[in-house]
Each structure stands twice: as C-alpha cells, then as structure tokens.
C-alpha cells in the first residue's frame, strides 16, 4: 500500500510539472491597441475582437468597441496613454500614428504594425488580406470579402450623377471642403455622384465664394458635423449655402463618419446608403 501511495504521489507531481511546462510554453494572447477605426473593424470582422484592449476615438463599430478604453484621436495620441494599457501590439495605418510616438512605443518594447490604406475597393480588400495575414486569420478573408462584394452589388446609382459637396464641420468656426483624391470623393463615385469641388486635393477652408461657384446639388456632412452646426437650419445660415442649388432645395445628406469614409468591411454598405440618399 505504501508503495502504491508513493507511486501515485510521484505521478501527481510529474503531471503537475508537465502541465506547468505546457502552460508556460503556450503563447499568451496578444494585447492589442488599435489606433484606426477601419483596422479595428477589420480585426473584429476576422473574429479577433477579444484581443483588443484599447482603441482610438474613430473605432466606433461594432458597438462593443465603444466600451473599450480610448487613447484619443490619432492626431493627438501620446505614447504614455497607449502604454498605460500594457499592450503587446499596437496597430494602425501609416497615417494614424506620428513617427515620434511610434518610436517611443518601439523603444518600450512594443510591437508596432502600421498598414498602408488605399481608398478603393481593391485597396480595401488588400488591407483586409494584410491585416488577416498578420493575425494568422487568412481563413476568414473569403467570407469578409464576399460580404463586401455582395453589399457593393446592391448599390443603385442615381440616373444622373448629382454634384455633391462634402463639408467637414466642427461648429461654424471649422468648415472644410473635400477636394479631389479624398476618401469621401472616392465613396461619392462608388455611389454614382461627382464631387462639386474641383481644382484642389485634400481639404481646404470653405468660403462663400467657392461654395456659390461650386453650386452643389447636394450637401454631404457627417452626422456629428451637421449636429455641431445646429442641424439643417444652422447649415443654411452659413454664408453662401442658401445661394446654392442644394441650399434652395434643402438637399442635405448626413451619414456616420466612420461608415462613410472608413473604406473597411462596410464599404459596400456605405456606398449603398449614400446612393439611396442621393435619389
């Protein structure tokens, strides 16, 4: 009996040692901080949402992301705020993190992975593939891209392409218009519209003279931007707006900012919604 107990005790000790070694050998789940709403959406679409421990303020979809700690907007993110979440991996786009902040994170031993984003259907699919490859989730890519294609197939463009002017607003004191090559222009084109702003790229301040000269059929804003102006009533009080076709007819379209310009898995949904609102 004594020998039996000794054998069982030895077997138990060996089992505990082996289980301890197995546990120590198992790789820990990464702790990810995402600094870009589109990258966050892709991570979630690939089934890796549980690994996210913090996000930037543009990461608003899916709704569960709104409950995660926020590290600010990519224009003002500090290394300290990110490091406070004890991440092992920080992800974003090449435009979403200042080089000096990336250097600080790397110096602290954090892996930083930034992806280049191209605002097109092909670019969106490529971004999904690259993010998936970095997370070992390539098996999920066909389902995500198939959903994207199915959504794009639902876009019903207007019979005649309306001239649309996008206004970025943060109150009446901050008004910018989107020029050529911007993400918002690209989604306009997918929805069957044309940009009323021509002759410049990126964004530039809105002026009454330029607004009247562009004479858009439709004014497009983020829902948060329109709200910052006091709704449609406040928008119509901006100098020059009432003199445009859009102002006279009251054709104002508002959409969620991340949906409209994210160029992520919901790109087809964005184009479909915009096209329906332009009819």
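The values are calculated or read from the model by the stated rules, or taken from the named source; none is laboratory data. Computed from a predicted model, the values in this text were never measured in an experiment. We place every Cβ from the backbone using ideal geometry, glycine too, and count neighbours over all the protein chains shown.
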Legend entry - Candidates 180, 189, filtered to the one that is in contact with a strand residue (DSSP E or B) (Cβ under 6 Å, 6 or more places away or on another chain) and surrounded by fewer than 18 Cβ atoms within 10 Å (Cβ to Cβ): 180
Inset, instruction - Can you tell me which residue among 53, 57, 90 is in contact with a strand residue (DSSP E or B) (Cβ under 8 Å, 6 or more places away or on another chain), part of a strand (DSSP E or B), assigned by TED's automatic domain parsing to the domain that holds residue 109 and farther than 17 Å from residue 114 by Cα? - result: 53
Inset, instruction - Return the residue satisfying two criteria in turn: it lies in the range 94-113 and is surrounded by fewer than 18 Cβ atoms within 10 Å (Cβ to Cβ) and in contact with a helix residue (DSSP H, G or I) (Cβ under 7 Å, 6 or more places away or on another chain), and of such residues it is farthest from residue 50 (Cα to Cα). - result: 104
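Report, by residue number, each residue of the range 127-151 that is within 30 Å of residue 196 (Cβ to Cβ) and surrounded by fewer than 16 Cβ atoms within 10 Å (Cβ to Cβ).
The one that is within 30 Å of residue 196 (Cβ to Cβ) and surrounded by fewer than 16 Cβ atoms within 10 Å (Cβ to Cβ): 149.
If only one of 235, 267, 229 is under 21 Å from the mean Cα position of the chain (by Cα) and either crowded, with 17+ Cβ neighbours inside 10 Å or not assigned by TED's automatic domain parsing to the domain that holds residue 41 (or both), which one is it?
267
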Inset, instruction - Kindly list the number of the only condition in (1) over 19 Å from the mean Cα position of the chain (by Cα); (2) touching a residue at least 60 places away in the same chain (Cβ under 8 Å) that fails for residue 208. - result: (2)
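This table checks each residue for (1) at pLDDT below 95; (2) under 20 Å from the mean Cα position of the chain (by Cα); (3) over 18 Å from residue 277 (Cβ atoms).
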{"site": "141", "(1), (2), (3)": "no, yes, yes"}
{"site": "163", "(1), (2), (3)": "no, no, no"}
{"site": "172", "(1), (2), (3)": "yes, no, yes"}
{"site": "192", "(1), (2), (3)": "no, no, no"}
